[in-house]
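Before any comments, here is the structure.
The values are calculated or read from the model by the stated rules, or taken from the named source; none is laboratory data. If you're wondering where the values come from, they're calculated on a predicted model, not measured in any experiment. When we count neighbours, we look across all protein chains shown, and the Cβ atoms used for this are built from the backbone with ideal geometry, even at glycine. What goes into the accessible areas is simple: the full protein's heavy atoms, side chains included, and nothing from ligands, DNA or RNA. Shrake-Rupley method; radii C 1.70, N 1.55, O 1.52, S 1.80 Å.
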Amino acid sequence: MIDSVFFPNPVQVPVSRAPGTQKPSTVGGSDTPFAKVLNGKLPSSGVTFSQHAQDRLKARGINLSTDDMQKLEGAVDSVAQKGGKDSLVLVGDAALVVSVKNRTVVTALDRNAMKGNVFTNIDSAVII
């Protein structure tokens, strides 16, 4: 039996630099191509609305003010810090079911649609 060791990664050869030259910076700014791509892929800090939620908002005549949106974002931040995944957020006369991980409002109900409704698949609720 032959004992051999297999190294799947190639061995890296050390790079020699001319005297007086500096090591390339490993700390990139937000203007590097990698940072731009990364920032584009990261979820934004705001809250978005699914197409279903947008349709429900229109159909039910629910309008959220800028102040309501700020409160909603704060509520989602709060739930995220406490480890919540799906939350019911009551804003004024509207009930919004929010996917905290995706920071997306999944559906919206007005006061009339809330009556007698059972909210399932949520792990938290915030009243603002």
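Are any residues in region 85-128 part of a loop (DSSP other than H, G, I, E, B), of a type outside the set (S, T, N, Q) and in contact (Cβ under 8 Å) with a residue 24 or more places away in the chain, and if so, which ones? Working first, answer last.
Here is the first cut: in region 85-128, the ones part of a loop (DSSP other than H, G, I, E, B) are 85, 92-93, 100-103, 115-123, 128.
Filter once more, so that each one left must be of a type outside the set (S, T, N, Q): 85, 92-93, 100-101, 103, 115-116, 118-119, 122-123, 128.
Selection gives K85, G92, D93, V100, R103, F119, I122, D123, I128.
Of the residues D110, D86, which is closer than 18 Å to G46 by Cα, charged (D, E, K, R), open to solvent by less than 70 Å² (accessible area, probe 1.4 Å) and touching a strand residue (DSSP E or B) at 6+ places or on another chain (Cβ under 9 Å)? Let's see the steps before the verdict.
Values: D110 fails: closer than 18 Å to G46 by Cα.
Going through D110, D86 in turn, just one is closer than 18 Å to G46 by Cα, charged (D, E, K, R), open to solvent by less than 70 Å² (accessible area, probe 1.4 Å) and touching a strand residue (DSSP E or B) at 6+ places or on another chain (Cβ under 9 Å): D86.
Each row is one residue, and each column tells you yes or no for (1) open to solvent by less than 60 Å² (accessible area, probe 1.4 Å); (2) modelled with pLDDT of 65 or more; (3) assigned to a helix (DSSP H, G or I).
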position: S16; (1), (2), (3): no, yes, no
position: T26; (1), (2), (3): no, no, no
position: D55; (1), (2), (3): no, yes, yes
position: Q70; (1), (2), (3): no, yes, yes
position: S78; (1), (2), (3): yes, yes, yes
Problem - Flag for V126 being modelled with pLDDT of 95 or more and closer than 17 Å to T48 by Cβ - result: no
